[in-house]
Amino acid sequence: MATARGGEVTIRDLSKSFTLGGRQLAVLRSLSLDVRSGECLVIVGASGSGKTTLLRVLAGLERADGGAVAIDGREIEGVGEERAVIFQESRLLPWLTVLGNVAFGLEVRGVPKPEAEKRASFYIALVGLAEFSDAYPRQLSGGMAQRVGIARALTVQPEILLLDEPLGALDAMTKISMQEELARIWNEEDVTMVLVTHDLEEAIYLADRVLILPKEKGKAARLIDVDLPRPRDRSETRFVRYREELLREFGLH
Amino acid sequence: MMMQHIERAVGIGGRNGGNGFGTEAVRLAGRASARILSRYGVLLGFLALWQVAAASGWVNTAVLPPIDTIAVALWKGLAGGSLLGDIAISLQRAGLAFAAAVIVAIPLGLVMGQVRAVETALDPILQLFRQTSALALYPVFILLLGLGEASKVFVIFWATLFPLLLNTISGVKEVDPKLLEMARVYGARRLTIFRRVVLPGAVPSIFVGLRLGATTALLLLIASEMIGANKGIGFQVMNAQYNFQIPLMFAAIVILAALGLIANQALVGLQRRLCRWSNSVG
């Protein structure tokens, strides 16, 4: 999937801690990592392992205490146009239609409304919601709302798509179909994906590489290559074996 | 449940070769009357009780005249034009004060909700003013502005200001921070975030303020017109009572109630237009 388009992330000695009840709580300890252009990197870890914090630092929503993050060689300062974020909640503006919401990202970046809506319509169709262009968020199911959020992020054509447990709030059935949807979109769009999840099966289904963030102090983060052909089959022996390997990492198997 | 029974009964009628058009009409009429009854039944019962109590002499008709007598007094006042001047002056006082309150409170509330320093600085004095009854301050306003129009409009403005201001502030502050963050991720600057996220998000709460403000404006209108006025609906209520023209007094009260209902309906209608996205407009 590597292309000349960019979307390469370099993380060096990244550390971040929070003050909680007067105590310093280190969530990231000098983490170094390269995310390749066009790959799908999935971050897993127990709660408190700092996976969401890492994603928020990459998004530019949190500042690291130490270390640096560079995208295509340029160190980031805050949010940037080459990145888009998909959150666990769809975060749609309730007063805008599906079309208005998807066009929103382009419009705030100064694209004229007709042009923004034209490009939005393309991505609304891509996530299969063409018939719902004029619907308001309250009329949508959770899965549909999340699709709208995904379309909004794709519409700004980011080099890097950051996803923070995007399917975490969905029911099991919707979740599986949305995982297939994300795999398809990643395949069609020329984009680097960094996705945070606590669902190991989701990680193996989507990832080129899985980053496991340890919860215990002193333990190093681990990277696992998922060397499986796509589209992936969840019941295949090798798929199951990866799953067991990940479970072992968490001391669950 | 009741509607289901009616529909089922009509369905059987239709199968038995009944007149399709007739049953349809009966069904629609039944539906409409059931809806009217469930909504206005208690109100109609209240009016009927009043009428019967007055007409049959259970209550002193000098104090509680029958509804038809009040209706006649209302008609005479409106058709004869004697109440129209009062309505006009009252609308002018309340309208001016309400408009001024909107012009001051909404922009101020938007700023206070957005800029922490402004809110911190203004909150204590705002709380003090808010907890001081506007009616208690009316004599002060009269001293400062005289007994004419200015003090009346000002006391209405004063009381209307607070519900509008407080609801605008809370509307701005209660906009979901996750939406603000989303806009920030797309690179929206502060002014864009305000225009595209904060303002539309605060509109429902601003409307709560507008509706409370309208109610307050009418309340203070009457109070101010009962002191030192010689025209206006509030004056008429008081004056008719002094002169023992009880039907006229009730006619003036009916006009007041109607003004309140119309103002509220107008605001609800406007809110429906502006907030089509929300189904919580009540």
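Every number in this text was worked out from the coordinates using simple rules, so none of it is lab data. Worth saying up front: this structure is predicted, and the values here are computed from it rather than measured. So basically every Cβ, Gly included, is an ideal-geometry build from the backbone, and we count neighbours across all protein chains shown.
How large is the charge dipole for the range A:90-157, taken about the Cα centre, if only the Cβ atoms of Lys, Arg (+1) and Asp, Glu (-1) carry charge, to the nearest 20 debye? The partial results should precede the final answer.
On the way: 8 positive and 5 negative charges, 38 e Å.
The dipole magnitude comes to about 180 debye.
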Next on the checklist: Using each residue's phi in the range A:62-71, evaluate 6.51 cos²θ - 1.76 cosθ + 1.60 at θ = phi - 60° and report the 3J(HN,Hα) Karplus result to the nearest Hz, with x for Gly and Pro.
Outcome noted: 10, 9, 6, 7, x, x, 8, 10, 10, 10
Checklist entry - Relative to the present Cα-Cα distance, how much length would full extension add between B:VAL63 and B:ALA34 at 0.36 nm per residue of separation? => result 7.0 nm
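What ranking do A:42-48, B:39-45 get when scored by the average of other Cβ atoms within 10 Å per residue, highest first? Can you show the working numbers first?
Working: A:42-48: 19.1, B:39-45: 10.4.
Highest-to-lowest ranking by the protection proxy: A:42-48, B:39-45.
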Checklist entry - In the Gaussian network model of chain B, springs joining C-alpha atoms below 10 Å, which of B:GLY201, B:GLY77, B:GLY22 carries the largest mean-square fluctuation? => result B:GLY22
Checklist outcome for this item: For the pair B:VAL203 and A:LEU25, the simple spin-label estimate (label points 7 Å beyond Cα toward Cβ) gives in nm 3.9
Checklist entry - Among A:GLU159, A:GLU202, A:GLU82, whose mean-square fluctuation peaks in a Gaussian network model of chain A (Cα, cutoff 10 Å)? => result A:GLU82
Item to check | Extension reserve of the A:GLU115-A:ASN187 stretch, reckoned as 0.36 nm per residue once the Cα distance is removed | outcome: 23.4 nm
Checklist entry - Mean residue ellipticity at 222 nm from the helices of chain B, using -39,500 (n - 2.57) per DSSP H segment of n ≥ 4 over the full residue count, to the nearest 500 deg cm²/dmol? => result -27500 deg cm²/dmol
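Please express the shape of chain A as an equivalent ellipsoid: the semi-axes are the square roots of 5 times the eigenvalues of the C-alpha gyration tensor, given largest first in whole angstrom. List each step's numbers first, then the result.
Working: eigenvalues 172, 99, 61 Å².
Ellipsoid semi-axes (Å, largest first): 29, 22, 18.
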Next on the checklist: Given a Förster distance of 51 Å, report the FRET efficiency between A:ASP199 and B:VAL254 from their Cβ-Cβ distance, rounded to the nearest 0.05.
Outcome noted: 0.20
Checklist outcome for this item: Using the Kirkwood radius over Cα pairs of the range B:41-164, the Stokes-Einstein translational diffusion coefficient at 25 °C and 0.890 mPa s, in µm²/s and rounded to a whole number, is 133
Checklist entry - If the cut-off is 28 Å between C-alpha atoms, which lysines fall inside it for A:LYS219, apart from same-chain ones fewer than 8 positions away? => result A:LYS16, A:LYS51
Checklist entry - Any idea how far apart A:ASP65 and B:VAL111 come out in nm if each label point goes 7 Å out from Cα toward Cβ? => result 4.0
Checklist entry - Given N residues in chain B, what is Rg(Cα) / (2.2 N^0.38 Å)? => result 1.35
Item to check | Compactness of the protein assembly as shown - radius of gyration and Dmax, Cα, Å | outcome: 32.9, 97
Item to check | Measure of compaction for the range A:90-157 (Cα Rg per 2.2 N^0.38 Å) | outcome: 0.94
Checklist entry - Label 7 Å along Cα→Cβ of A:PHE239; the range A:188-209 residues with amide nitrogen under 11 Å? => result A:201-202, A:204-206
Checklist entry - Given a Förster distance of 22 angstrom, what is the FRET efficiency for B:GLN131 paired with B:LEU212, based on the Cβ-Cβ distance and rounded to 0.05? => result 0.85
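Tell me the Kirkwood radius of the range B:20-102: reciprocal of the mean inverse pair distance over distinct alpha-carbon atoms, in Å. Display every interim value, and only then the final one.
Values: mean 1/r = 0.0593 Å⁻¹.
It is 16.9 Å.
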Checklist entry - Using the Kirkwood radius built from alpha carbon pairs, what does the Stokes-Einstein equation give as D for the range B:151-198 at 20 °C and 1.002 mPa s, in µm² per second? => result 170
Checklist outcome for this item: Taking every alpha carbon pair in the range A:1-126 and sorting the distances into 5 angstrom bins from 0 up to the bin holding the longest one, the percent per bin comes out as 2, 9, 15, 18, 16, 15, 12, 8, 4, 1, 0
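Would you mind getting me the FRET efficiency between A:ARG12 and A:ALA46? Use the beta-carbon distance for r and R0 = 22 Å, nearest 0.05. Present the calculation step by step, with values, prior to reporting the outcome.
Numbers: r = 24 Å, r/R0 = 1.11.
Plugging the Cβ-Cβ distance into 1/(1 + (r/R0)^6) gives 0.35.
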Next on the checklist: Can you give the log10 of the normalised intensity I(q)/I(0) at q = 0.20, 0.24 Å⁻¹, computed with Debye over equal Cα scatterers of the range A:145-251?
Outcome noted: -1.15, -1.49
Checklist entry - Each label point is 7 Å from the Cα along the Cα-to-Cβ direction; what then is the distance between the points at B:LEU145 and B:ALA88, in nm? => result 2.2
Next on the checklist: Below 30 Å, Cα to Cα, which lysines can B:LYS231 reach? Residues fewer than 8 away in the same chain don't count.
Outcome noted: B:LYS76, B:LYS152
Next on the checklist: Is there a quick way to get the dipole size of the range A:9-134? I mean about its Cα centre, with the Cβ of Lys and Arg at +1 and of Asp and Glu at -1; what is the value in debye to the nearest 20?
Outcome noted: 400
